[in-house]
Amino acid sequence: MKHELPVESHVIDLISELQNAGFEAYIVGGAIRDLLLGRKPKDYDISTAATPEEVRAVFGRRSARIIGKRFRLVHVQYGGELFEVSTFRKAPPEEASHARPGFRPSEPLPEHLILSDNSFGTAEEDAWRRDFTVNALFYDPVKSELIDHTGQGIDDIRNQVVRAIGEPKLRFEEDPVRMLRALKLVGQYDFSLDAATENALFACLGLLRHAAPSRLSLELEKILESSYGDKHLQAFHDYGLLAYFLPEIDRAWNTSPAEYALNLLFERNCRVSEGLYRNSVSLAMAALALPFIEFECGREPGTLWESSPQSTAVIRSVLDHLFRPQTMMNRMTLSAERILVLQSLLRDGEDTKRLLDARSYPHARELLLIRTAVADGDVAATAKRWPPGSGSRKRSRSRRRPARGGDKKR
Ligand code: ATP
Ligand code: MG
């Protein structure tokens, strides 16, 4: 059906290039959902009839790079932005489901677990293999045409319902990460689960143990990177999923350090949404961990602990506990540790030049300001003394990129 959506012009141009080369091409997934909800999409996922090689031929080797081994897609640099362009795929035959990487052999293999997801198909087949009706809409921005292959996506967006495509229990068994994805929609948009999807989710929660650890870690990274992490965690807790995903945070849920941690994360998320702070995963990790460190060090909220080898050991152990069993984030954990160690060093204020130059200084200062907004204590006085800074020691370059792990299962 005809529908005008405010798609940015370079995205329309990208789709036109594929269509002019003779390939069907659409915007798919979360971007259409967000546009219909009147929100700005985080990024655009593109789906096309062109194979990865054909996509590369359209945009040239310098702009288009084929990535992924089992699931190949193309990263296309276009109009200053990086797009994930994937070829229409169909659901894999069921019997392919019996040797999933990341599966631990001591556990019985759930019957429908997907192994491979790489056979090309039509646009319609591609829509039906997606997770939820609200995520399966296709949009052709050149013709302004919205296509709802499942027939329920538009209504479900209107009624704010998360409905699994097909048989919900089977879909969660095929890929337990879909349960996380369902509850992210609940937390982020205040959607409800439809009854059958909800029953299946309750029946399948334990299967999260069968999901590939790398995918769960990637999900955690995306959750912390987004500005909705506090809402996602709340929905996970409400539905009992947090106990399987981040058991230590779940166990601590109703304690005051946990409430304080969620407030800090919420404060950080507001600043990210307003464009004041970058969406650093390590700052989000540090914000979540901080109240537990204060608690372990016997400090009141907002009161800086002493910097000492003991407090550094507490920082390490809290980070390790809270984010277990998601172990992906060595680099980010180290960076969160640096932000937390800097908290007390900034109070002592010795060797100002070295602290100002520290790579984690900007985030450490941001955390001081977040803490000041959430709790009284000596942290406010410390925060006032420190100027914004660049952390001029070597920093990783940031560039605009789609959230990793988008449309694919690893
Ligand atoms: P976001 O705004 O967070 O990017 P999204 O729905 O676009 O939300 P992505 O991870 O970018 O999430 O995935 C893009 C699309 O790929 C989804 O909208 C959905 O159609 C499909 N998809 C992603 N993961 C799965 C999955 N595990 N099973 C089936 N389809 C999936
Ligand atoms: Mg997306």
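Every number here is computed from the coordinates shown, using simple stated rules; none is lab data. In this text the structure is predicted, and so the values were computed from the model without any measurement. Quick reminder, even Gly has a Cβ in these numbers, built from the backbone with ideal geometry, and neighbours come from all protein chains shown.
Note on segment 298-360: Kirkwood radius taken over Cα pairs, Stokes-Einstein applied at 4 °C and 1.567 mPa s, translational D equal to 102 µm² s⁻¹. Using a Förster distance of 25 angstrom, determine the FRET efficiency expected from the C-beta separation of ARG251 and SER214, and round it to 0.05. Between ARG251 and SER214 the formula returns 0.55.
Extending 7 Å from Cα along the Cβ direction at ASN20 and again at ASN330 yields two label points whose distance is 4.6 nm. Quick one: net charge around LEU18, please, counting Lys, Arg +1 and Asp, Glu -1 for every other residue with C-beta under 13 Å from its C-beta. Here the count lands on -4.
Would you mind counting up the charge near ALA123? Only other residues with Cβ under 13 Å from its Cβ, with Lys and Arg at +1 and Asp and Glu at -1. The answer is -3. Restricting segment 126-218 to trypsin sites (Lys or Arg not before Pro) that sit in a DSSP loop and have at most 15 other Cβ atoms within 10 Å of their own Cβ leaves LYS143.
For the residue pairs LYS69/LYS222; LYS40/LYS169; LYS2/LYS40, the alpha carbons lie more than 30 Å apart in LYS40/LYS169. Just to be sure I understand: with springs between alpha-carbon atoms less than 10 Å apart, which residue in ILE46, ILE12, ILE249 has the highest mean-square fluctuation in the Gaussian network model of the chain? Between ILE46, ILE12, ILE249, it is ILE12 that shows the largest mean-square fluctuation. Taking a ≥ b ≥ c as the square roots of the eigenvalues of the Cα gyration tensor of segment 236-319, is the shape rounded (a/c under 1.5), prolate (a/b larger than b/c) or oblate? Oblate, because a/c is 1.5 or more while a/b does not exceed b/c.
Between rounded, prolate and oblate, where does segment 246-385 land on the alpha carbon gyration tensor, with a ≥ b ≥ c its root eigenvalues, rounded for a/c under 1.5, else prolate if a/b exceeds b/c? It comes out rounded by the Cα gyration axes. When the Cα positions of ALA195, LEU207, LEU180 are compared along the charge dipole of segment 162-241, LEU207 comes out farthest toward the positive end, with charges on each C-beta of Lys, Arg, Asp and Glu. Could you please report the charge total around THR197, scoring K, R as +1 and D, E as -1 over all other residues with beta-carbon less than 11 angstrom from its beta-carbon? Net charge in that neighbourhood comes out at -1.
Please say if segment 162-241 is rounded, prolate or oblate, where rounded means a/c under 1.5 for a ≥ b ≥ c the square roots of the C-alpha gyration tensor eigenvalues, and otherwise the choice is prolate for a/b larger than b/c and oblate otherwise? Since a/c reaches 1.5 but b/c is at least a/b, the shape of segment 162-241 is classed as oblate. Against the chain, whose longest principal axis comes from its Cα atoms, helix 229-238 is set at around 80 degrees. Both radii are taken from the alpha-carbon atoms of segment 8-83; with Rh as the Kirkwood radius, Rg/Rh is 0.96.
Pairs of Cα atoms nearer than 8 Å and 6+ residues apart set the relative contact order; for the chain it is 13 percent.
Helix 9-20 and the long axis of the chain differ in direction by around 30°, with both axes built from C-alpha atoms.
FRET efficiency for the pair ARG39 and ASP155, taken as 1/(1 + (r/R0)^6) with r the Cβ-Cβ distance and R0 = 22 Å, rounds to 0.75.
Out of every Cα pair in the chain, what percent are spaced more than 36 Å from each other? Summing the P(r) tail past 36 Å for the chain gives 31 percent.
Ranked by how many other Cβ atoms sit within 10 Å of their own Cβ, fewest first, the residues TRP305, TRP253 fall in the order TRP253, TRP305. Taking every DSSP helix (H) stretch of at least 4 residues in the chain, weighting each as -39,500 (n - 2.57) and dividing the sum by the residue count yields a mean residue ellipticity at 222 nm of -14500 deg cm²/dmol. Summarising the label geometry, the points placed 7 Å from Cα in the beta-carbon direction at LYS2 and ALA380 lie 5.9 nm from one another.
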